[in-house]
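Data block below; observations after.
Nothing in this text is a laboratory measurement; each read-out follows from the coordinates by a stated rule. Remember, predicted model here, so these are calculated numbers, not experimental data. For neighbour counting, all protein chains shown are included, and Cβ atoms are generated from backbone atoms with ideal geometry for every residue, glycine included.
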2 protein chains.
Amino acid sequence: MLLGEHDHTLDDKNRLTLPAKFREGLGDGVVVTRGMDGCLYAYAAEHWHGTAERIRALDPLSRESRMMQRHFFSGAVRADLDKQGRMVLPASLLESADIRREVTVAGVYDHLEIWDRAKWRVHLHEVEGSAEDVAERLAN
Amino acid sequence: MLLGEHDHTLDDKNRLTLPAKFREGLGDGVVVTRGMDGCLYAYAAEHWHGTAERIRALDPLSRESRMMQRHFFSGAVRADLDKQGRMVLPASLLESADIRREVTVAGVYDHLEIWDRAKWRVHLHEVEGSAEDVAERLAN
DNA sequence: AAGATAGTGGGGTAGAGTGGGGAGTAGTGG
DNA sequence: CCACTACTCCCCACTCTACCCCACTATCTT
């Protein structure tokens, strides 16, 4: 299970060191794709298939489904880690998630999320207030 | 069953000694998460899975669900105890619960709650007056 | 009163995070 | 077809953090 929040930095070569804690959970193959809400998702290669299947199963006769499929699949890249546990993030993905140098990597159960740090802060702050309301609704 | 209230202090390295009474109840694996009402929760690893499952089951195609999952899982950390029964609390969690040096650890049946001591006092005081009223409302 | 155990503090070391250099390969132009 | 360039991948080196171990004090128990 991928948990926790880590601050890292991209170097000049667009390399990102994955937090050591996450490496074993990811195996040695990672798929990075455009995520939701302006971040990138990183899946262990074996878990990627499940998510991919969910998106693939959407009906391509619906325009919105096609948009989702393009969003996910055209942005997906298989990345391998070097001996130091780093992966190169394609410039196109970095741009689409508006990621600069300062990055936050968050574990969200079955995948990682890669955020521009400033954006992450804002997003998380936005949730804080409503988390307890949502929890209240989940309670029964 | 986890019961009772203990005053402890964080050291300079953000380590918290768990009260000896609680250690056997927690096994050797603990998961710490952002809790409700401005404290931290600490679960025995095996009890954590139930809570995690409820959050995981939310549909990630809904924005609210995604935000909830991020908040919970990115705020959760697996912490192991050292030989003295201490665990390191990540700075990001301490910050989000506004915990300084003086800490109160409270047992609440299946989990521990970690509070900034001053905040705990205030909260407890708040409850004191209203416990009977709340009980009345929860009754059916 | 003495010993044991819980709580607190500090130091050393392995490993994680970051940066830079060099070789190999693909792509482009002459 | 060859040569040059640019990019990518791999390896080496340094710094700093976090983890692990040891030591001390206070309190509770016998």
Karplus 3J(HN,Hα) series, Hz, for the stretch B:15-21 with 6.51 cos²θ - 1.76 cosθ + 1.60 (x for Gly, Pro): 9, 10, 6, 6, x, 4, 4
Report Rg/Rh for the protein assembly as shown, rounded to two decimals, where Rg is the Cα radius of gyration and Rh the Kirkwood radius. 1.01
Please state the equivalent ellipsoid semi-axes for the stretch B:95-138: what are the square roots of 5 times the Cα gyration tensor eigenvalues, largest first, in whole Å? 23, 13, 8
Quick check on the stretch A:13-140: what does the Kirkwood estimate of hydrodynamic radius come out to from the alpha carbon pairs, in Å? 15.9 Å
Given +1 on the Cβ of Lys and Arg, -1 on the Cβ of Asp and Glu, and no further charges, what dipole in debye does the stretch B:30-140 carry about its Cα centre, rounded to the nearest 20? 540 debye
Across the identical copies, how the residue B:24 labels are spaced - nm, sorted shortest first, 7 Å along Cα→Cβ: 2.8
Excluding near-sequence neighbours (fewer than 8 apart on one chain), the protein assembly as shown holds lysine pairs with C-alpha atoms under 29 Å apart numbering 13
For residue A:78, go 7 angstrom from Cα along the Cα-to-Cβ vector, then report the distances to that same point in the other copies in nm, smallest first. 2.7
Give me the dipole magnitude in Debye, nearest 20, for the stretch B:1-78 about the Cα centre, with unit charges on the beta carbon: positive for Lys and Arg, negative for Asp and Glu. 340 debye
Work out the mean other chain Cβ neighbour count within 10 Å for the residues of A:123-134 and drop it here as an integer. 4
P(r) of the stretch B:20-92 over all Cα-Cα pairs, binned every 10 Å from zero, in whole percent: 18, 46, 27, 7, 1
